[in-house]
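**Student:** Sharing a structure below in structure tokens format, with a few things to ask.
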Amino acid sequence: MKSALMAACAALALSAPAFAETFAVTHARVLTAGPAGEIADGTVVVTDGRIVAVGKSAAVPAGAKVVDAAGAVVTPGFFVTDTGLGLTEISAVGDDQSASNASVSAAFDVQYGLNPNSILLPVARVAGMTSAVVVPYASGANEGDADEGDEMTSGGGPEGAPAHGLFAGQAAVITLAQGTDILTRAKVAMVVPFGDGGAKLGGGARGAEIVAFRAALDDVRAYARNKAAYDRGESRELALSRADLEALIPVVQGRMPILAQVHRASDIRAVLKLAREENLKVILSGAEEGWMVADEIAKAGVPVVMYPLADRPETFETLNATMENAAKLSAAGVALAFTYDGVGHRARETRYNAGNAVAHGVPYDKALAAVTINPAKMFGVADRKGSLEPGKDADLVIWSGDPFEPLTQAKAVFIQGVAQPMTSRQLELRDRYKDLNRSLPPAYTH
Amino acid sequence: MRIWVTAAAVLATAAMGGCATTGGAAQAASRPKAEAKAAPKPLPKGLDPQASANPFPSTYKPLAGRPTAIVGATALTGTGEQVDNATVLFKDGRIEQVAAGLPAPAGYEVIEAKGKWVTPGLIDTHSHLGVYAAPAVAAHSDGNELTNPTTPEVWAEHSVWPQDPQFNTARVGGVTTLLILPGSGNLIGGRGVTLRNVPGRTVQDMKFPDAPYTLKMACGENPKRVYGSKGRAPSTRMGNVAGYRAAWINAADYKRRWDDYRAKVERGEKADAPKRDLGLDTLMGVLNGEILIENHCYRADEMAQMIDISKEFGYRITAFHHAVEAYKIADKLADNGICVATWTNWWGGKMEMADSVEANVPLVDAIKGGCAIIKSDDPDVTQRLNQEAAEALAAGRAAGLNITEAQAIRWITANPAKALGISAQTGSLEAGKRADLVIWDKDPFSIYARTERVYVDGGIAYDRRDPSRQPVSDFELGLAREGVR
């Protein structure tokens, strides 16, 4: 069964044109992550890069190529949420994920640093990841994004004072498809550190940061009401640069969510209160102590981006972290999106993290949603991404088994209907050195 | 398999025979001869490295256990075998028997384990628990003595905070033995300490009795970055190598002076003892084969150079750690009997991590004589070594290697025991070994598997359903979250 499937996938991959034609995946166990739920023996029909039909008895159009999945699992391509993918190659060498620029804080926009040729993208792609939410980090205020090495990078230590304002900048959604333009949607969220991270940006304490944050929003509203006066130099003094003021207009208008990086229960409550009083749309990021205020988060209708494995008292903000966090938030009715540890190299662990969440009490369909439709909804691309539904992009993965299991592999990955090459620099290295007894040095194998 | 077991046994014997913590007995045996000849005055307390070989002795006491029969489980024994419908018997802290279908003897506590899996207790050969304790505040940053690139005189056990809550989370993940290492900022970072993962009031309460000492060394970017940025040597890789060699020259000279001294004493001649030097004691211990080298080294070319250095000075490298390029020289590593302790998924943090491949461990394992280990170097990964191993297993199969789970479990059990010189004690479910074992609710290579019970020396160190067997550190008392996280 597997060899037939692989042969079919390989044939499709070889023959797939840049603009995908019509094809159908048949006899699949389809986990749609959409209203159709799970379809035991389903068909997915794709035309010109879009899904045109999903169902038990979806008709295969005449002339369509057919991939017989022979019972294999098909899901939407997974989301890598909260990542530096596209902005970094080697962490220690540098990245485009943060800047220290006094006049570019809220205005910082990750879309301009995206590199479609990054060696990280194929590594994530061959593991079934097809979209990513690329998130900026405040320099000097971030958590966890530098810790992708050995013990030399752990253990803390003083960090440099941040040289920018209260905002980390604007996130974007990208596609992990091979190609030249990977931007799916820019300006999907305004990233704002709260708690210790926000306190650092605010001068050293929460009491300064929240006050300064509210004053900034007030400035934005004043600016938005009368840009002409600002440009004539007739407005009162505003703390932010013009670029930052502009960037925050969609935030004060409730059109752009803030992605609030927040961990401690009391800080989560402070952010919920702030959002209520300032009419902000908010997504929580981190929320390790979210389980303590799960009902309040649920009542506010606020979704959460979280690392389901955060269970240690790593900082004084996460003293009450627990593996049960995801299950308790989910049970309270909070929509979750799962992230992973590190900058972007370990993005493929997203699917294992979803599996661990299930092992610790999150229902399977909720965990699947947390790596597909939920991030798509949170970051405004659910009209095109996140589930297998007619009209959406044909981003789908054929798996050898349960996609959360490490022993399962992605057998074929389609993005907008195009079969993606199932190779990466890592796999090329592996194959170069698999046989150490070649007559010529390894450099001749490529 | 047979070859490997033999090699492991030889290593264990060599290491145990001369190891620091059994040194006392060895001296007791040899001393009377010298005394009979000249009866020289012993050196003042603290000046003789042999007499003072174990100044911080283990006070470990196993948790009380009962004779126990785990019945009906699927056992991955760590010897390369899978035993279905297995009965595992242990008593007095030692494994008695593992066999299919055995009835439980009278007087044994019977654990019905149909559908469940049993493995040896997991061993993490690269941990910084206690020396980089949680919360990760500056006051807990005790793993890197970054004041000199060569610090063989420091011992990780003197930095271990036994109340680090992360020992508890690691135990929930099935980890029963850990090697706590100093960090990698120095060329020679200091001694590691092998711990039983049981709660203790002191680090001595956790020390694995009679485990050999280890010495951390580090290649590559970290030392040259740390000291280069201070404007001192090393600031390059060639500076690194000069630093190792200078240290070993000093060690060889120190050893010569002590050997000369002891030879003279043995002959009844007048002799003046060299002044004891803590750092050189440790390096001399390596040259004497008593202390095992655990060498942080990412790149293949650097590992090959470290092997040459070990030959120049006559010591052995027990394991390369991180070693993300081990697959490029898996043959050389096997030829030299060196284990590889690494992750599956970590890469790209810095240049020397760029060439990591998921199949590193299975590719090393596939070479005849290869010794592959999954380790954590991380307080999250240590909770899920089984998953990191599953990912490696999948990558190996994807590379076309035919690997069973019974083979792969050795990456987190028997092979790490070998790399710590304790394979005669733990790492597999074999009669006579310590009863360190884990009962899993599912196949441990599944993402959904969780530990149900963790035994250390036959005592219940963790039980998922019994709060009285879920240790809570002092630090966690009074928090909203106590007990199992």
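The values are calculated or read from the model by the stated rules, or taken from the named source; none is laboratory data. All of these numbers come straight from a predicted model, not from anything done at the bench. Quick reminder, even Gly has a Cβ in these numbers, built from the backbone with ideal geometry, and neighbours come from all protein chains shown.
**Student:** Give the number of residues within the stretch B:449-471 that are surrounded by fewer than 17 Cβ atoms within 10 Å (Cβ to Cβ) and either of a type in the set (D, E) or within 14 Å of another protein chain (Cβ to nearest Cβ) (or both). Spell out the reasoning first.
**Tutor:** First pass over the stretch B:449-471, keeping only residues surrounded by fewer than 17 Cβ atoms within 10 Å (Cβ to Cβ): B:464-469.
From what is left, the residues that are either of a type in the set (D, E) or within 14 Å of another protein chain (Cβ to nearest Cβ) (or both) are B:464, B:466.
Total meeting the criteria: 2.
**Student:** Among the helices (runs of 4 or more DSSP H) contained in the stretch A:338-446, which hold 3 or more residues that are closer than 28 Å to A:N325 by Cα?
**Tutor:** On the way: elements: A:350-359, A:364-370, A:373-378, A:425-433.
Helices (runs of 4 or more DSSP H) meeting the threshold: A:350-359, A:364-370, A:373-378.
**Student:** Could I ask something else about it? Report whether or not B:I309 is more than 14 Å from every other protein chain (Cβ to nearest Cβ), over 24 Å from A:V123 (Cβ atoms) and not in a loop (DSSP other than H, G, I, E, B).
**Tutor:** Criteria met by B:I309.
**Student:** Looking at the stretch B:336-356 only, could you name the residues that are more than 11 Å from chain A (Cβ to nearest Cβ) and either modelled with pLDDT under 95 or over 19 Å from B:D378 (Cα atoms) (or both)?
**Tutor:** Once the filter is applied, which keeps residues that are more than 11 Å from chain A (Cβ to nearest Cβ) and either modelled with pLDDT under 95 or over 19 Å from B:D378 (Cα atoms) (or both), the stretch B:336-356 yields B:N336, B:G337, B:I338, B:C339.
**Student:** Something else about it: Within the stretch B:276-299, count every residue that is crowded, with 24+ Cβ neighbours inside 10 Å and either among the hydroxyl-bearing types (S, T, Y) or without any contact (Cβ under 8 Å) to a residue 60 or more places away in the chain (or both).
**Tutor:** 2
**Student:** Still on this structure, please answer the following. Take the stretch B:472-485 and flag every residue that is part of a helix (DSSP H, G or I), more than 17 Å from A:M292 (Cα to Cα) and within 12 Å of chain A (Cβ to nearest Cβ). Walk me through how you get there before you give the answer.
**Tutor:** Initially, the stretch B:472-485 is screened for residues part of a helix (DSSP H, G or I), giving B:474-476.
From what's left, more than 17 Å from A:M292 (Cα to Cα): B:474-475.
Across the stretch B:472-485, the qualifying residue is only B:F475.
**Student:** Of all the residues that make up the stretch B:472-485, how many are in contact (Cβ under 8 Å) with a residue 60 or more places away in the chain and surrounded by fewer than 16 Cβ atoms within 10 Å (Cβ to Cβ)? Break it down into steps so the answer makes sense when it comes.
**Tutor:** Taking the stretch B:472-485 and keeping what is in contact (Cβ under 8 Å) with a residue 60 or more places away in the chain, we get B:472-476, B:484-485.
Applying the additional criterion that residues be surrounded by fewer than 16 Cβ atoms within 10 Å (Cβ to Cβ) yields B:474.
Matching residues across the stretch B:472-485 total 1.
**Student:** Hey, among B:Y244, B:Y227, which residue is of a type outside the set (D, E, K, R) and within 21 Å of B:K311 (Cβ to Cβ)?
**Tutor:** On the way: B:Y227 fails: within 21 Å of B:K311 (Cβ to Cβ).
B:Y244 is the lone residue from the list that is of a type outside the set (D, E, K, R) and within 21 Å of B:K311 (Cβ to Cβ).
**Student:** Take A:G156 and decide whether it is surrounded by 18 or more Cβ atoms within 10 Å (Cβ to Cβ), modelled with pLDDT under 55 and closer than 30 Å to B:H296 by Cβ.
**Tutor:** no
**Student:** Against the condition within 23 Å of the chain's Cα centre (by Cα) and buried (at least 20 other Cβ atoms within 10 Å of the Cβ), how does B:P57 come out, does it pass? So that I can check it myself, show each step before the final result.
**Tutor:** Numbers: within 23 Å of the chain's Cα centre (by Cα): yes; buried (at least 20 other Cβ atoms within 10 Å of the Cβ): no.
Against the criterion (within 23 Å of the chain's Cα centre (by Cα) and buried (at least 20 other Cβ atoms within 10 Å of the Cβ)), B:P57 does not qualify.
**Student:** Continuing with this model, one more query. Determine which single condition B:D377 fails, assuming it passes every other condition in (1) charged (D, E, K, R); (2) surrounded by fewer than 24 Cβ atoms within 10 Å (Cβ to Cβ); (3) in a loop (DSSP other than H, G, I, E, B); (4) within 14 Å of chain A (Cβ to nearest Cβ).
**Tutor:** B:D377 satisfies all of (1) charged (D, E, K, R); (2) surrounded by fewer than 24 Cβ atoms within 10 Å (Cβ to Cβ); (3) in a loop (DSSP other than H, G, I, E, B); (4) within 14 Å of chain A (Cβ to nearest Cβ) except (2).
**Student:** Taking the criterion of being assigned to a loop (DSSP other than H, G, I, E, B), surrounded by 23 or more Cβ atoms within 10 Å (Cβ to Cβ) and over 22 Å from the mean Cα position of the chain (by Cα), would at least one residue in the stretch A:277-284 satisfy it?
**Tutor:** Looking only at the stretch A:277-284, we keep the residues that are assigned to a loop (DSSP other than H, G, I, E, B), and these are A:279-281.
If we keep only those that are surrounded by 23 or more Cβ atoms within 10 Å (Cβ to Cβ) too, we end up with none.
Looking through the stretch A:277-284, none of the residues is assigned to a loop (DSSP other than H, G, I, E, B), surrounded by 23 or more Cβ atoms within 10 Å (Cβ to Cβ) and over 22 Å from the mean Cα position of the chain (by Cα).
**Student:** In the stretch B:403-447, which residues are within 14 Å of another protein chain (Cβ to nearest Cβ), in a loop (DSSP other than H, G, I, E, B) and under 26 Å from B:L363 (Cα atoms)?
**Tutor:** B:I403, B:T404, B:D443, B:P444, B:F445, B:S446, B:I447 - these are the residues of the stretch B:403-447 that are within 14 Å of another protein chain (Cβ to nearest Cβ), in a loop (DSSP other than H, G, I, E, B) and under 26 Å from B:L363 (Cα atoms).
**Student:** Does A:A331 satisfy the criteria of being farther than 17 Å from B:Q387 by Cβ and assigned to a helix (DSSP H, G or I)? Step through it out loud before you land on a result.
**Tutor:** Numbers: farther than 17 Å from B:Q387 by Cβ: yes; assigned to a helix (DSSP H, G or I): yes.
So A:A331 passes the test.
**Student:** Being without any contact (Cβ under 8 Å) to a residue 24 or more places away in the chain and under 23 Å from A:M306 (Cα atoms) narrows it down to one residue among A:A382, A:A367; which is it?
**Tutor:** Numbers: A:A367 fails: without any contact (Cβ under 8 Å) to a residue 24 or more places away in the chain.
None of the others qualify; the one that does is A:A382.
**Student:** Return the residue satisfying two criteria in turn: it lies in the stretch A:89-99 and is on the phi < 0 side of the Ramachandran plot and more than 8 Å from chain B (Cβ to nearest Cβ), and of such residues it is surrounded by the most Cβ atoms within 10 Å (Cβ to Cβ). Walk me through it before giving the result.
**Tutor:** Let us first name the residues in the stretch A:89-99 that are on the phi < 0 side of the Ramachandran plot, namely A:89-93, A:95-99.
Checking which are more than 8 Å from chain B (Cβ to nearest Cβ) leaves us with A:95-99.
Values: A:D95: 18, A:D96: 17, A:Q97: 27, A:S98: 22, A:A99: 17.
Result: A:Q97.
**Student:** Pairs, please: C-beta under 6 Å, at least 6 apart or cross-chain, first residue farther than 27 Å from B:I180 by Cα and within 13 Å of another protein chain (Cβ to nearest Cβ) and in the stretch B:214-238, second buried (at least 22 other Cβ atoms within 10 Å of the Cβ) and not aliphatic (A, V, I, L, M)?
**Tutor:** Close Cβ pairs (under 6 Å, with a partner that is buried (at least 22 other Cβ atoms within 10 Å of the Cβ) and not aliphatic (A, V, I, L, M)) do not exist here.
**Student:** Also, quick follow-up: State which residue pairs qualify: first residue at the interface with chain B (Cβ under 7 Å from one of its Cβ atoms) and inside the stretch A:403-416, second residue part of a strand (DSSP E or B) and among the aromatic types (F, W, Y) in any location, beta carbons under 7 Å apart, and separation of 6 or more residues or different chains.
**Tutor:** Going by the 7 Å Cβ cut-off, there are no qualifying pairs.
**Student:** Turning to a different aspect of this structure: Taking B:E145 as meeting all but one of (1) under 27 Å from B:V456 (Cα atoms); (2) surrounded by fewer than 24 Cβ atoms within 10 Å (Cβ to Cβ), write down the number of the exception.
**Tutor:** With (1) under 27 Å from B:V456 (Cα atoms); (2) surrounded by fewer than 24 Cβ atoms within 10 Å (Cβ to Cβ) applied to B:E145, the lone miss is (1).
**Student:** Which of the residues belonging to the stretch A:199-223 are in contact (Cβ under 8 Å) with a residue 40 or more places away in the chain and either touching a strand residue (DSSP E or B) at 6+ places or on another chain (Cβ under 7 Å) or at positive phi (or both)? Before you say what the answer is, go through the steps one by one.
**Tutor:** So the first thing to find is which residues in the stretch A:199-223 are in contact (Cβ under 8 Å) with a residue 40 or more places away in the chain, and the list is A:200-201, A:206, A:209-210, A:212-214, A:216-217.
Within the stretch A:199-223, just A:L201 meets the criteria.
**Student:** Scanning for something in contact (Cβ under 8 Å) with a residue 60 or more places away in the chain and in a helix (DSSP H, G or I), does the stretch B:187-204 turn up at least one residue?
**Tutor:** Within the stretch B:187-204, one or more residues are in contact (Cβ under 8 Å) with a residue 60 or more places away in the chain and in a helix (DSSP H, G or I).
**Student:** Another question, if that's okay. For the stretch A:119-137, which positions are farther than 19 Å from A:V418 by Cα and buried (at least 18 other Cβ atoms within 10 Å of the Cβ)? Steps first, please.
**Tutor:** The first filter runs over the stretch A:119-137 and keeps only residues farther than 19 Å from A:V418 by Cα, leaving A:119-120, A:133-137.
Hits for the stretch A:119-137 are A:L120, A:V133, A:V134, A:V135, A:P136, A:Y137.
**Student:** Out of the residues in the stretch B:152-172 that are part of a loop (DSSP other than H, G, I, E, B), in contact with a helix residue (DSSP H, G or I) (Cβ under 7 Å, 6 or more places away or on another chain) and surrounded by 24 or more Cβ atoms within 10 Å (Cβ to Cβ), which is farthest from the other protein chains (Cβ to nearest Cβ)?
**Tutor:** If we take residues in the stretch B:152-172 being part of a loop (DSSP other than H, G, I, E, B), in contact with a helix residue (DSSP H, G or I) (Cβ under 7 Å, 6 or more places away or on another chain) and surrounded by 24 or more Cβ atoms within 10 Å (Cβ to Cβ), then B:P152 is farthest from the other protein chains (Cβ to nearest Cβ).
**Student:** Whether any residue in the stretch A:307-328 is facing another protein chain (nearest Cβ under 7 Å), in contact (Cβ under 8 Å) with a residue 60 or more places away in the chain, crowded, with 24+ Cβ neighbours inside 10 Å and assigned to a loop (DSSP other than H, G, I, E, B) is what I want to check.
**Tutor:** no
**Student:** Same structure again: I'd like to verify a number: residues in the stretch A:332-365 that are more than 13 Å from chain B (Cβ to nearest Cβ) and in contact with a Leu (Cβ under 7 Å, 6 or more places away or on another chain), how many?
**Tutor:** So the count comes out to 1.
**Student:** Looking only at the stretch B:59-73, how many residues end up being out of contact with any Asp or Glu (no Cβ under 8 Å at 6 or more places or on another chain) and either under 27 Å from B:V83 (Cα atoms) or not aliphatic (A, V, I, L, M) (or both)?
**Tutor:** As a first pass, look at the stretch B:59-73 and keep what is out of contact with any Asp or Glu (no Cβ under 8 Å at 6 or more places or on another chain): B:64, B:70, B:73.
Those left that are additionally either under 27 Å from B:V83 (Cα atoms) or not aliphatic (A, V, I, L, M) (or both): B:70, B:73.
Count: 2.
**Student:** Further question on the same structure: Just one of (1) within 23 Å of B:I447 (Cα to Cα); (2) part of a loop (DSSP other than H, G, I, E, B); (3) hydroxyl-bearing (S, T, Y) trips up B:T125, so point out which.
**Tutor:** (2)
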